[in-house]
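The values are calculated or read from the model by the stated rules, or taken from the named source; none is laboratory data. Treat the numbers as computed from the prediction; the structure is a model and nothing was measured. Note that each Cβ is placed from the backbone with ideal geometry, even for glycine, and that neighbours are counted across all protein chains shown.
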Amino acid sequence: MGSEGAEGGGGGISLRRMRTFESFKYPAFRIYYGSTVGQWVSMGMEMVVRPLLAYRITGSGAILGGLSLANAIPVLLISFFGGAVADRLQKRNILVACQAGSAVFTIGIAITLTLGYLSPEHPSSWWILAASAALQGVVMGFMMPARQAIIPEIVGEEQVMNAISLNSLGMNAFRLMSPALAGFIVDAINFDAAYYVMTAMYLTGTVCAAFLPRSQAPTTGRSNTLTDIADGMRYIRREKVILVILVFSLLGTILSMPFNFLMPMFTEDILNVGATGLGLLMMFSGVGAIFGSLILASLSNRKRGLMMILSTLLMALVLVGFSFSRWWYPSLALITIVGLGQTVLMALGIILIQAYAEPGFRGRAISFNMMGMGLANFGTFIAGVLSESIGVQWSIGGMAMVLTLFSILMLSFSPLLRKLN
């Protein structure tokens, strides 16, 4: 695999000799990694900017949930199609087109902010954010299956866990910085400046993605896309291991992710820390996520199913504590652990699917995993509506309690998942 040069010569310490960073010995993976930086920065900033802007315009938790629903519906409808397309077309071209589309959406929002239409002075203007969320959902439905399915082609089967973990590490490193940067830009300048920065980062990622190598020849070119989707559904229903991984990942994501989107309700109404505090909370969540990624990148391919269950159980218990915390410093500590648990859950879900799915079905299997993001946004809509009647603490805390019970049941009664390597 061309690793002799990485291991030979000299007695010094090299990143190429460390298992944690082993995938970087592949030039194509370094290009791939660079192509994702723009997306990571922009997505990290938007996690702060979009919900905070919407909440300041409307003051409504239900509308925050509605934005998540607007994002969820396209992801749910497009993911299956996106997975089939990833198995059929050049993945590099999909990535370039999707990142360029994201840049168009963010510059559109920036212009409406600069012109003054998207603002608290026009309460109905939040529809622009909803439209953008929906369009981003379409993009994610196509992009994420291709982005994940290309990894084994770049680094080979044995390095999939390391490469996905490093991918998660980079995403969370920028998740560490981007929310704090977004909060600072909003407080120091304004919202439109943040969206102009996001546009520039998406364009940077688009240019880098254009230099990725061509992916392997499609494996399903003789049938049409709808047939490919149907074949993918039958494959997942037939493969019990893939089905169990997907069910656990989906429910774990649905029950744990809504708090990310309703965070402005905690920072504005409970902790009273403003945009900068929101950015800091997301930054500390990123710290935990980085630790989770480093741990995964350094481990061997053993007991990964058990690790996914235990990390999800820990995350759920800590999320209950965060939901009912009214104190700033304990909340920072708790959200760090939540970030670690979320990263391990999502990364291991993708890793196990990559490990156990047949190469010709990887894109479609990952597209089913992508449903977790769409359904998590649907869960956010439900949580946002519930927050209007029972409060955001009980809304998010209640979901975390359900996830705790679910994790305990899977640990006790699902040896198939528990024993997966």
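Looking at the stretch 314-342, which of the residues that are assigned to a helix (DSSP H, G or I) and aromatic (F, W, Y) is surrounded by the most Cβ atoms within 10 Å (Cβ to Cβ)? If you could, list the steps in order and put the result at the bottom.
Step one: of the stretch 314-342, the residues assigned to a helix (DSSP H, G or I) are 314-323, 328-342.
Remaining after also requiring aromatic (F, W, Y): 322, 328-329.
Working: F322: 24, W328: 14, Y329: 8.
Ranking the qualifying residues of the stretch 314-342, first place goes to F322.
On the given criteria, is I109 of a type in the set (A, V, I, L, M), closer than 24 Å to F378 by Cα and touching an Asp or Glu at 6+ places or on another chain (Cβ under 9 Å)? It is true that I109 is of a type in the set (A, V, I, L, M), closer than 24 Å to F378 by Cα and touching an Asp or Glu at 6+ places or on another chain (Cβ under 9 Å). Being modelled with pLDDT of 85 or more, over 25 Å from the mean Cα position of the chain (by Cα) and not β-branched (V, I, T) is a condition met by at least one residue of the stretch 190-206. Just to be sure, is R92 in contact with a Leu (Cβ under 6 Å, 6 or more places away or on another chain) and among the basic types (K, R)? Yes: the conditions hold for R92. All conditions but one from (1) farther than 25 Å from L294 by Cα; (2) hydrophobic (A, V, I, L, M, F, W, C); (3) modelled with pLDDT of 75 or more apply to L181; the one that does not is (1).
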